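Student: Sending over a structure as structure tokens; questions will come in a sec.
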Amino acid sequence: MVGYSQIRAILDDLQVDFQLIEHPAVFTAEEADKYVEDIACMKTKSLFLTDRKKTAYYLIFVKDDHRLDMKKFAQIVGKKHLKFASEADLLEKLGIKSGSVSIFSLLNNEAKDIQVYFEKSVIADLPLTFHPNDNTKTLLLKPEDLFKFLDNIGFSYQIVEL
């Protein structure tokens, strides 16, 4: 698994500024929010979904207090039914366990077979929050720097209204 030190090296190479917050281990977006509540930022949660046959995988980023409309998202991606990926899928596709899903988990996906989506409302002028594959840390990055990172590692993304 690609860890914080490798992520930091990539961000440094890209000349991406970020803020690091260290905290006790957290397993939900709500728990993580406590450590950034006094910082102007867009608090996000990362959701990893798959279709019934496990032929397509989706990493979706929404506001942490937003409930994903699974039916609407399924329509957007042209599927009849989507579900949360299993613990085994997380480990196989992203190299992580639940509670640490992040944009940085894509570094562990050598097959590059995960589609990335951002809910439109999370893309604003505020930095977004993500774990660096370690649920004892939170990184804050501006959207344009996040997109620079994704381009660099070879992942495209879509911004959708959910």
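Student: Tally time: how many residues in the stretch 24-66 are open to solvent by less than 20 Å² (accessible area, probe 1.4 Å) and in a loop (DSSP other than H, G, I, E, B)?
Tutor: Matching residues across the stretch 24-66 total 5.
Student: Among the listed residues 155, 147, which satisfies the condition of being closer than 16 Å to residue 8 by Cα and over 11 Å from the mean Cα position of the chain (by Cα)? Can you show your working first?
Tutor: On the way: 155 fails: closer than 16 Å to residue 8 by Cα.
Exactly one of 155, 147 is closer than 16 Å to residue 8 by Cα and over 11 Å from the mean Cα position of the chain (by Cα), namely 147.
Student: A further question follows. Kindly evaluate residue 6 against the criterion of being closer than 23 Å to residue 139 by Cα, open to solvent by 20 Å² or more (accessible area, probe 1.4 Å) and touching a strand residue (DSSP E or B) at 6+ places or on another chain (Cβ under 6 Å). Spell out how you get there, then give the answer.
Tutor: On the way: closer than 23 Å to residue 139 by Cα: yes; open to solvent by 20 Å² or more (accessible area, probe 1.4 Å): yes; touching a strand residue (DSSP E or B) at 6+ places or on another chain (Cβ under 6 Å): no.
Here the answer is no, as residue 6 does not meet what is asked.
Student: Across the stretch 42-73, which residue is nearest to the chain's Cα centre (by Cα) among those that are modelled with pLDDT under 95, more than 21 Å from residue 128 (Cα to Cα) and not charged (D, E, K, R)?
Tutor: Ranking the qualifying residues of the stretch 42-73, first place goes to 70.
Student: Based on this model, can you work out whether residue 79 counts as at positive phi and either in contact with a His (Cβ under 8 Å, 6 or more places away or on another chain) or in a loop (DSSP other than H, G, I, E, B) (or both)? Explain how you work it out, then say what you get.
Tutor: Values: at positive phi: no; either in contact with a His (Cβ under 8 Å, 6 or more places away or on another chain) or in a loop (DSSP other than H, G, I, E, B) (or both): yes.
No.
The values are calculated or read from the model by the stated rules, or taken from the named source; none is laboratory data. Remember, it's a predicted structure, so these values are computed and weren't measured experimentally. Neighbour counts run over all protein chains shown; Cβ positions are idealised from the backbone, glycine included. Areas reflect the complete protein model, heavy atoms only, side chains present, ligands, DNA and RNA absent. Shrake-Rupley method; radii C 1.70, N 1.55, O 1.52, S 1.80 Å.
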